[in-house]
Each structure stands twice: as structure tokens, then as C-alpha cells.
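I have placed the structure first, in the form of C-alpha cells, so that the comments after it can refer back to it.
The values are calculated or read from the model by the stated rules, or taken from the named source; none is laboratory data. These numbers come from a predicted model, not from an experiment. Every residue, glycine among them, receives a Cβ derived from its backbone with ideal geometry; neighbour counts consider all protein chains shown. Accessible surface areas use protein heavy atoms only, side chains included; no ligands, DNA or RNA. Shrake-Rupley method; radii C 1.70, N 1.55, O 1.52, S 1.80 Å.
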Amino acid sequence: MDYLDTKGRVFDVQRYSIHDGPGIRTIVFLKGCVLRCKWCCNPESQEYRIQNMKVLGENKVIGYDTTVREMIEEVERDRPYYYRSGGGMTLSGGECLCQPDFARDLLRAAKERGITTAIESMACAPWETIEAILPYLDTYLMDIKHTNHEKHKAFTGKSNELMMENARKVAVSGKTRLVIRVPVIPTFNDTVEEIQGIARFASTLPGVDKIHLLPYHRLGQDKYEGLGRPYLMGDIEPPTKEHMETLKKAVHAVCALDCQIGG
């Protein structure tokens, strides 16, 4: 079978993004995730099945099946923006590696057309899955949420040993640019000590020179109601700008990584 005929399931395509990799990017959101983060802003991404979600009182179908050929044609429409800005295509989710063949082949199609590639991912996948995409990947935006295994499991549903092991393997491979991203979640990982722990780990990864602190927000809260699910973080306030600056300084106090707020 031609790799362009590989099928996948997508729930959104976002154009003109400037926060998910270099330049202006087109983000393809894939269905499916192995984690259940309490703060997830895309709860409609978590299940692979096609769902209905209430949006402004109307039913909206979430998810559709497509092929690499169809999706890369859509991505290519934005080619002029990529050339002018150094942008390209980013795969997100969910966890895009939950659809390993589709993710690999879509990245390959982009690279063969001269479009730069990135993924947003927690690296919660077998190493063989990650290794297969590296030849087609320019930038890996990898979430590291916590260094404590038990607390990670309590807030996301899974421990973090595999993710941290894969982070090191990706870094050691030297095959892609690895950027560590930390969603800063009050009650989960927003203390100076917790952020410094993640920063220390990131600073041991060969070739890593950037860490992004992404402040918690509640922009996805209405989606939970639309899916008939409770939002478990409803009483949690986003971190203040002052607190985020304190955490940024805390990172700089323990390592030489370039730390920025937002990504």
C-alpha cells in the first residue's frame, strides 16, 4: 500500500499558530490519548472513537477519518506562510503517537514536500514507535509534567518512567531538536521545588537548551460540559504572572537552560 493511503483519525486542524514550533504552523490534532490529565484542555481528544459534543447548544461531531494524502493536501495550502516564517506542520492531540503509522507517514509526507515538522507529545509510547518517526521530525515538543512517579500517576492516570526514559533516548539519538515543555498546574507541579526538579532533569538531556513553562488555563472547561463529563479542576485558579516569573527565575537558579513562559 502507498504510504499516502495510510488512514488516521483527526478531530481538528488549526491554522496560523505561532505557539507550537518555529514560525507560522498548521496543527493537525489526532484522536486518542493514553493519559487522562485532570486539567486537559482537549478532552474531546482523549478517546479514539468519534464522539458528539454539545457546542453552543448544538451537537457537533468530534473526529473524522482521513488519509495521509488528504491531510497533506490540506496542510500544503498554507505553504506560503511556512516559507515566509520558517514554519511548517505540527502534530498534536491527544497523544499523536497513539496513531503511530498515521503520524509517521504524515510526517514523512511533509518532509518529502519540504515542509518542516514538529510534534507535541508526552512520549508515552513504545520506543520503537518514537524511533520510527525521528527521521521525519525536526522538532519534538515534549511534555515533562513531573519527576515524581506517584504524583504523576495521581493526576494523569499513568506513571512517568516510560516518558522520562524516552526523553533521554530522544536526546541521546541527536536526530531531532528536543524542547521540554512543562504545563504549570496549581496543586500538581507549581512549586519552586517541583519546577526545579523538572529543570534539573531537562538539563541532563544532551542537546536540550530550552524549557517552556506553560501556565494552566481553563479554556477547555466548557468542553467537559459538552461531553457530559465533570471538570475536576473547576476550583483551581490559573497561576499569576508574578508566580510564573518566580518559577522562571527558579529554573535559571539551577540550570543554564533558556526558560520562557508560554511556548
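Test residue 110 against the criterion of being touching a residue at least 12 places away in the same chain (Cβ under 8 Å), more than 27 Å from residue 145 (Cα to Cα) and small (Gly, Ala, Ser), and give yes or no.
Here the answer is yes, as residue 110 does meet what is asked.
Out of 158, 169, I need the residue that is open to solvent by 60 Å² or more (accessible area, probe 1.4 Å), of a type outside the set (Ser, Thr, Tyr) and in contact with a Cys (Cβ under 7 Å, 6 or more places away or on another chain). Which one?
Answer to the selection: 158.
If you take the residues in region 24-49 that are hydrophobic (A, V, I, L, M, F, W, C) and closer than 17 Å to residue 102 by Cα, which one is surrounded by the fewest Cβ atoms within 10 Å (Cβ to Cβ)?
The qualifying residue surrounded by the fewest Cβ atoms within 10 Å (Cβ to Cβ) is 34.
Which ones in region 219-233 are part of a loop (DSSP other than H, G, I, E, B) and over 17 Å from the mean Cα position of the chain (by Cα)?
Within region 219-233, 228, 229, 230, 231, 232, 233 qualify.
Quick check on residue 217: is it under 16 Å from residue 41 (Cα atoms) and either without any contact (Cβ under 8 Å) to a residue 12 or more places away in the chain or open to solvent by 40 Å² or more (accessible area, probe 1.4 Å) (or both)?
Taking the combined requirement at face value, the residue satisfies it.
Before we move on, is residue 237 acidic (Asp, Glu), open to solvent by 60 Å² or more (accessible area, probe 1.4 Å) and not in a loop (DSSP other than H, G, I, E, B)?
no
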